[in-house]
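Presented below is the structure to which this report refers.
Values in this text are rule-based calculations from the coordinates and carry no lab data. A quick note: this is a predicted structure, and the numbers were derived from the prediction, not measured. Neighbour counts are summed over all protein chains in view; Cβ atoms, including those assigned to glycine, are modelled from backbone coordinates with ideal geometry.
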Amino acid sequence: MNLYFSPLACSLATRIALYEAGAPAEFTQVDLKSKRVLKTGRDFAEINRLTLVPTLGIDDQTVLVENTAVLQFVADRFPEAKLAPTSGLQRARMQQWLGFINSELHKGIFNPLLDSTAPEGAKEYARTKVPSRFALLQDHFATHEFALEQFSIVDAYLTTILNWSAFSGVDLKQWPAVNDYFQRMLKRPNVARAMNEELALYQEEVRRRAS
């Protein structure tokens with residue numbers, strides 16, 4: 001498998017999942033500004049026409065896109081890692097969480113706040129959603145260690161999104177249980193490994209663009 005990623009983007013969640021699964025994988029960095037594969041200069045639109053990450057190359061002919069689909073594929077491909085419930089209510093709860101993170105946090109709040117081209121009205125509208133969405137997280141993590149019964153792809157995705165708070169003016173300390181959860185996840189060895197690797201790549205990318 002080959003994960004096309006951009007440092008600290010939502011594709012980080014798939015890197016975490018792959019590390020948690022101990023899965024063999026290649027990692028290919030994409031420059032989302034130029035829309036090109038970094039090492040080869042290939043037009044990323046030839047691989048994913050929307051030029052979005054994560055994009056998972058499953059084999060030479062097959063790619064999978066959309067974060068929630070990619071994460072579930074990885075979890076199901078490596079069931080021994082137990083990154084996702086396989087059926088029943090817990091599977092539905094996992095999909096409920098993935099939907100919430102994707103629509104209410106990722107797209108609903110953080111995309112407008114992080115997009116330098118978004119109008120101020122869009123940013124302000126996103127800010128109005130923060131209290132209710134984070135209150136839900138606060139209530140859950142006040143009594144739960146993980147989103148589900150154990151670490152899962154939900155936690156990989158949520159940790160990735162919460163990491164964006166530092167770049168978007170959302171102070172996690174307003175929600176102590178959420179902040180505690182985030183700090184616990186950052187100490188998890190495979191999360192720390194993925195975060196540190198991508199932070200270094202992000203800093204390198206910033207320096208490259210500045211020069």
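Using a cut-off of 11 Å between beta-carbons, work out the net charge of the residues near F151 (Lys and Arg +1, Asp and Glu -1, F151 not included).
Numbers: positive: K82, R184, R188; negative: E20, E145, E149, D155.
Counting the neighbours of F151, the net charge comes to -1.
Please report, to two decimal places, log10 I(q)/I(0) for segment 2-81 at q = 0.14, 0.23, 0.24, 0.26 Å⁻¹ as given by the Debye formula with identical point scatterers on the Cα atoms and no solvent. Treating every Cα as an identical point scatterer, log10 I(q)/I(0) equals -0.41, -1.07, -1.15, -1.32. In percent, rounded to a whole number, the relative contact order of segment 88-190 is 32, using alpha-carbon pairs under 8 Å and six or more apart.
Based on a Kirkwood Rh over C-alpha pairs, give the Stokes-Einstein translational diffusion coefficient of segment 88-190 at 37 °C and viscosity 0.692 mPa s in µm²/s.
Values: Rh = 14.1 Å.
Calculated translational D: 233 µm²/s.
Over 29 Å between Cα atoms: which of K107/K173; K39/K129; K35/K129 fall into that group? Provide the component values of the computation, followed by the final result.
Values: K107/K173 22 Å; K39/K129 39 Å; K35/K129 31 Å.
Long pairs (Cα-Cα over 29 Å): K39/K129; K35/K129.
Summarising the overall dimensions of the chain from its C-alpha atoms, the Rg and Dmax are 16.9, 52 angstrom.
Which order do peptides 168-179, 17-28 fall in by mean Cβ count within 10 Å, highest first?
17-28, 168-179
When both segment 97-122 and segment 141-211 are represented by their alpha-carbon centers, they are found 16 Å apart.
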